[in-house]
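As structure tokens, the structure follows; a few thoughts come after it.
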Amino acid sequence: MDIQYAILGFLSWRPFSGYDLKKIISESDLFYWSGNNNQIYKSLIDLHQTNQVTQQILYQENLPSRKVYTITEKGIHTLRAWLLSHPELPEFRNNFMIQLAWADPLSKEEMDALLGTYEEEIDVQLRMRLVQAQAQRAPQRTPRESYLWARISENMTASYQHELDWVREVRKALNEEKFMS
């Protein structure tokens, strides 16, 4: 994900401080981003220097000043151009699949433990996802936008559920007689 487009998207919703953006992005499954938090601030500086966002400094008593950013018309045009660009296909990289591909030398017990650990991790992620989905901040400016955010959340939850169902099926099949040796 290009962090600048996510930032422009959020700012198209409403003004945010860099701290607020950092928090939303770091707590979100939907806006997963592997960069460091300083890049959010760097992106805000770049967006400000290119007149895609404005910056307002809010002075607070007994607290550090806050910089609140608002998207400009130029930023809206940049976001719109990106929205109309060719969509990227999802990435299906899963390091566990590589690990599992070479797991045949493991004993039955080791294999079951490996799959069990993965199953537990996916189950925890699914449960957390369900809680996050209920608490998720969504713009809800229009019925269509609300529908899209709900469907995106549903898609992410279904992905975790599919992975959980898959690992359980693999564990069950590997514990059947035909794989005993």
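Listing for the model above:
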{"quantity": "Assigned charges on the beta-carbon of Lys, Arg, Asp, Glu; region 95-179 dipole about Cα centre (debye)", "calculated": "700 debye"}
{"quantity": "Inter-label distance for N94 and Q161, nm, one decimal - labels placed 7 Å from Cα along Cα-to-Cβ", "calculated": "1.6 nm"}
{"quantity": "Acute angle (nearest 10 degrees) that the helix 108-135 long axis makes with the longest principal axis of the chain, alpha-carbon atoms", "calculated": "30 degrees"}
{"quantity": "Stretch gain in nm, segment W102-D123, where the contour uses 0.36 nm per residue and the Cα spacing is subtracted", "calculated": "5.2 nm"}
{"quantity": "Long-range tail of P(r) for region 3-83 (Cα pairs > 19 Å, %)", "calculated": "34 percent"}
{"quantity": "Taking the chain and dividing mean pair separation by its residue count, relative contact order in percent (alpha carbons under 8 Å, at least six apart)", "calculated": "19 percent"}
{"quantity": "Selection from Y59, A103, S159, by position along the positive dipole direction of the chain (Cβ)", "calculated": "Y59"}
{"quantity": "Spatially proximal lysines relative to K67 (Cα-Cα < 20 Å; intrachain offsets below 8 disregarded)", "calculated": "K22, K23, K42"}
{"quantity": "Cα centroid separation - region 1-23 against region 31-90, whole Å", "calculated": "5 Å"}
{"quantity": "Stretch in the chain that is longest and holds no trypsin sites (Lys or Arg not before Pro) that DSSP places in a loop and that have at most 16 other beta carbons within 10 Å", "calculated": "1-92"}
{"quantity": "Distance (nanometres) between label positions extended 7 Å along Cα→Cβ at K23 and E177", "calculated": "5.9 nm"}
{"quantity": "In degrees, nearest ten, helix 18-27 long axis to first principal axis of the chain (Cα)", "calculated": "20 degrees"}
{"quantity": "Using a Förster distance of 25 Å, the FRET efficiency for A81-I152 (Cβ separation, nearest 0.05)", "calculated": "0.75"}
{"quantity": "Simple label model, 7 Å out from Cα along Cβ direction - Q140 to W13, nm", "calculated": "1.2 nm"}
{"quantity": "Pair-distance profile P(r), taking every C-alpha pair of the chain, with 10 angstrom steps and integer %", "calculated": "8, 27, 28, 18, 12, 6, 1, 0"}
{"quantity": "Over the chain: helical MRE at 222 nm, DSSP H runs n ≥ 4 each giving -39500 (n - 2.57), nearest 500", "calculated": "-20500 deg cm²/dmol"}
{"quantity": "Dipole magnitude of the chain about its Cα centre (Cβ charges: Lys, Arg +1; Asp, Glu -1), debye to nearest 20", "calculated": "1100 debye"}
{"quantity": "Of Y19, A6, T50, farthest towards positive along the dipole that unit charges on Lys, Arg, Asp, Glu beta carbons give region 3-83", "calculated": "T50"}
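Just so you know, all these numbers are worked out from the coordinates, no wet-lab data involved. Not measured: the values here are computed from a predicted model. All Cβ positions, even for glycine, are placed from backbone atoms using ideal geometry, and neighbour counts span all protein chains on display.
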